[in-house]
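Trainee: Got a structure for you, written out below as structure tokens; questions coming shortly.
The values are calculated or read from the model by the stated rules, or taken from the named source; none is laboratory data. Keep in mind the model is a prediction, meaning the values are calculated, not measured. Using ideal geometry, Cβ is built from the backbone for each residue, glycine included, and neighbour counts are taken over all protein chains shown. The protein model used for the area step is the full one, side chains on, heavy atoms only, and it has no ligands, DNA or RNA in it. Shrake-Rupley method; radii C 1.70, N 1.55, O 1.52, S 1.80 Å.
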Amino acid sequence: MSHTIFAPATAPGRAGVAVVRISGPQALAALAAVSGRADWQPRRMEFVRFVDPATGEAVDRGLGVAFPGPASFTGEDVAELHVHGASAVLARLTAALGAMPGLRWAEPGEFTRRAFDNGKMDLTAAEGLADLIAAETESQRRQALRQMDGALAARLEGLRTRAIAALAFVEAVIDFPDEELPDDTLARGVGLIRDLRAEVAALADTARLGARVRRGAAVAVVGAPNAGKSSLVNRLAGWEVAIVSPEAGTTRDRVSVEMALGGQAFTVTDTAGLRAAAGAVEAEGIRRAERAVAEADVRIAVFAADLWPAADDPTWRWVDRDTLVVVNKSDLGRADAPAPSGMPEPVRVSAATGAGMDDLIAALRRKLDAASADAAGEGAPLTRERHRALAEEALAALDRALAAPGLELQAEDLRLAARALGRMTGRIDVEDVLDRIFSEFCIGK
Ligand code: GDP
């Protein structure tokens, strides 16, 4: 028998209201026990006095509501107790619930897990919900809400159905070789796979954009040793830019710092830090630094004013028209020299005095806006590494299907492609869709 679970749905701490959620076969009985009344109308809030059923002592007064399954968040019977957000109230109420037979505390994510198990949401919606709860910026909130609402699931389910439709074509040829199949059946199958491959490739390409919004844009800071990269990142962190990382304070010895600016999250990677962190395995450190720079959404190239324009500085190798060029240590003078021809005009700052930091923030904000403009246009991107890996898997299977030397192998690869797409949402049953498609075929009835 499945347990009835309960947990506060609201964050701990002093608050006007806290909500305790109960889900499972005993949820409505538990609501009746702590409210002293049994006649609960579905989805109708009632003002009641909550009591500890063991002693009859009043715990608090507040609102109760019953959501009989399956029309509930988890699909099971659910009850909510809206009480005052005091730790003493919650402690007493949850102790009373825990003392009831069949009730126990919920594990992390267990309410959502049950919603998934009961078909109330697919995996991407559950991930969207987790992202929405964690959203700190406007773009994160928008993307998470779309995913929770099923935009990604619909896109994936469309692709999966098409993979299975292609599979149905191939299986038709295998299973009914003697039947009167139209001559172009095979060619149509290949056409379906080709079109599908193009769309799965387009989907895989969205992973970067989705991850950029979800985790924030990646900003890499490059420059020669002692150009002042670490000082600059520290300055940024202490300026108008909020540090999002839990152990905020200083970037010293930290490779990456999460920040937010103008409603957008971003992560600054100080490549000097990467190298220092690598220590003895310097070569690996340099490789990682180079990858961070190559994959960055925004690059900041830092030059020291006393050497500027530093014609022989290898940092120039990373500079293109989109790079944010910074001349640091403007307090030392010599920062005014123009950039070499063809190179972007620099922002001149001093990490030591703070001069020019406003200009740098404004320039960085423009770069971040440009980097996220393309992400905003994408309605239902892949947002997690899990999605990206499965999309690549589906893509590889489709490539194999196109190159397959025989129909059996082609069918198997299509099946694998459909599975990989289905694993993103948690729908992996191929047979039900196959049945549906075959029933439309009218081959051999
Ligand atoms: P990194 O190796 O590029 O990370 O450079 P650091 O941030 O460690 O700075 C190298 C040296 O330059 C340190 O001694 C800093 O104090 C100094 N420095 C950094 N920014 C400035 C600045 O704006 N003006 C001056 N005068 N010195 C700076």
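Trainee: Got a number for carbon plus sulfur as a percent of the stretch 322-417's accessible area, 1.4 Å probe?
Mentor: 53 percent
Trainee: With a ≥ b ≥ c the root eigenvalues of the C-alpha gyration tensor of the stretch 4-116, is it rounded (a/c under 1.5), prolate (a/b larger than b/c) or oblate?
Mentor: Numbers: a/c = 1.43, a/b = 1.20, b/c = 1.19.
Rounded shape, in that the Cα axes give a/c under 1.5.
Trainee: Now a separate question. If packing is taken as the average count of other Cβ atoms within 10 Å, what order do 52-60, 287-295 fall into, highest mean first?
Mentor: Details: 52-60: 14.2, 287-295: 15.8.
With the highest mean Cβ count within 10 Å placed first, the list reads 287-295, 52-60.
Trainee: Which of 300, 164, 174 moves most in a GNM of the chain, Cα contacts under 10 Å?
Mentor: 174
Trainee: Regarding the chain, what's the average projected area of the Cα-atom convex hull, expressed in nm²?
Mentor: Details: hull surface 121.1 nm².
About 30.3 nm², averaged over all directions.
Trainee: Rounded to the nearest 20 debye, what is the charge dipole size of the stretch 4-116 about its Cα centre when +1 sits on each Lys and Arg Cβ and -1 on each Asp and Glu Cβ? Intermediate results must be reported in sequence, preceding the final value.
Mentor: Working: 11 positive and 10 negative charges, 34 e Å.
Dipole about the Cα centre, nearest 20: 160 debye.
Trainee: May I pose another question? Only Cα pairs under 8 Å and at least 6 apart count here; give the relative contact order of the chain as a rounded whole percent. Before the final figure, lay out the partial values.
Mentor: Working: 790 pairs, mean separation 63.0, N = 445.
The normalised contact order for the chain reaches 14 percent.
Trainee: Let me ask something else about it. What value, in deg cm²/dmol to 500, does the helix sum -39500 (n - 2.57) over DSSP H runs of n ≥ 4 give at 222 nm once divided by the residues of the chain?
Mentor: Numbers: 15 runs with 208 residues, N = 445.
Calculated at 222 nm, the ellipticity per residue is -15000 deg cm²/dmol.
Trainee: Choose one answer from 207, 153, 389: the residue with the largest mean-square fluctuation in a GNM of the chain with alpha-carbon springs under 10 Å.
Mentor: Sorting by GNM fluctuation, first place goes to 389.
Trainee: Oh, and also: What spacing in nm lies between the two simple spin-label points modelled at residue 352 and residue 291, each 7 Å away from Cα in the Cβ direction?
Mentor: Modelled inter-label distance: 3.7 nm.
Trainee: Let me ask something additional. Using a Förster radius of 45 Å, what is the FRET efficiency between residue 399 and residue 339 based on their Cβ-Cβ separation? Nearest 0.05, please.
Mentor: On the way: r = 45 Å, r/R0 = 0.99.
The computed FRET efficiency comes out at 0.50.
Trainee: With a 1.4 Å probe and all protein chains left in place, how much accessible area per residue does the chain have, in Å²? Mind showing how you got there, number by number?
Mentor: On the way: 21680 Å² over 445 residues.
Heavy-atom accessible area per residue stands at 49 Å².
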